[in-house]
Amino acid sequence: MVVVDWIAPLIVVAYVIAAVGVWLGLWADGWGEITGVMWAAPSTDHWLGTNRLGQDILLRAVAATATAFEIGLLVALASSMVGGLLGAVAGLFNGSRLDELILWLKGTIDAIPFYLFVAAVAFALQGHAMAMHLAMIVVFWTTTARVVRAETIRLGQSGFIEAARAGGSTHARVIVRHLLPNLAHVLLVQATLVFVAAIKAEVVLSFLGIGVQDSISWGLMLAEAGQDIMAGQYMNFLAATLFLFGLVMAGSLLADRMQIRLDPRTRNQWRTQIQ
């Protein structure tokens, strides 16, 4: 079990190093350059071969890692902040009209098909670079808010919250000083899950042509791979699929382990298992 705990973080760290290297210009800088012939086989010059245009597939897959992290981190942080705040407010005012309003808003957003909503936002913003990010944030905060609301209702019955209220603390102070610190583990796990969900959504949207436009992503590589597969060339498809699978699987496992180790209700059980 201890070995499994280390596998996911190590894989995620490897992806982080790859993304940071791209941001710093250390590698994959020439992902868009034509450096070989069409559909070149894997070699020491092109470890995963080239695509239809003669571009290095490995460089494009590594560069797409940075794109995945840019989108995943932004959406995860923003949606966790929005969902955490609205969920805490709804839980603190449980049963009030404000709680009902937040629940109604959440239910309305959840009822809209995600990809249809993204397409509508992209059309409304006329192809703005942040259209996909905004649509994801608007959609993904709802799950975080639901979890945070339930946890806030539970914490609201604790002695320290009642003591803070009896001491004259304002609602804002109760949320900032008492609720959010005790919800940190919930927000961290939810942010990790949203990070993974955002990456998967970006790949699908880019594959459909309404996602990343001015960069490279695994979704665009999969879209390009359609013509490659028709010609019997699979490296473009395999590279994008394996890179995506590795990050999504490691992120999901990391979220599960964080849930077990950070949640007070399961932490003692985990410690007993490893002893």
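Bear in mind that the values in this text are calculations on the coordinates, not laboratory data. This is a predicted model, so every value here is computed, not measured. Methodologically, a virtual Cβ is constructed for each residue, glycine included, from the backbone with ideal geometry; neighbour enumeration extends over all protein chains shown.
Cβ-to-Cβ counts within 10 Å put 75, 186, 147 in ascending order as 147, 186, 75, the fewest first.
Overall, the ratio between the Cα radius of gyration of the stretch 118-232 and 2.2 N^0.38 Å, rounded to two decimals, is 1.55. With the helix formula -39500 (n - 2.57) applied to DSSP H stretches of n ≥ 4, the chain reaches a computed 222 nm mean residue ellipticity of -24500 deg cm²/dmol. Computed over the alpha carbons of the stretch 1-132, Rg followed by Dmax gives 21.5, 66 Å.
Remark: the stretch 234-249, residue by residue, has Karplus-estimated 3J(HN,Hα) of 10, 5, 4, 5, 5, 4, 5, 5, 5, 5, 5, 4, x, 6, 5, 5 Hz, where x stands for each Gly or Pro and the curve is 6.51 cos²θ - 1.76 cosθ + 1.60 at θ = phi - 60°.
Across the alpha-carbon set of the chain, the Rg to Rh ratio works out to 1.06, Rh being the Kirkwood radius. In terms of surrounding Cβ atoms within a 10 Å radius of their Cβ, 165, 97, 177 rank from fewest to most as 97, 177, 165.
Working note: Cα gyration tensor of the stretch 53-186, eigenvalues times five, square-rooted, sorted largest first, giving semi-axes of 37, 19, 10 Å. Projecting the Cα atoms of 28, 67, 39 onto the dipole axis of the stretch 1-71, where Lys and Arg carry +1 and Asp and Glu carry -1 at the beta carbon, places 39 farthest toward the positive end. Of the chymotrypsin sites (Phe, Trp or Tyr not before Pro) in the stretch 175-247, the ones in a loop by DSSP (not H, G, I, E or B) with at most 14 other beta carbons within 10 Å are 234. Neighbour counts of other Cβ atoms within 10 Å put 115, 15 in the fewest-to-most order 115, 15.
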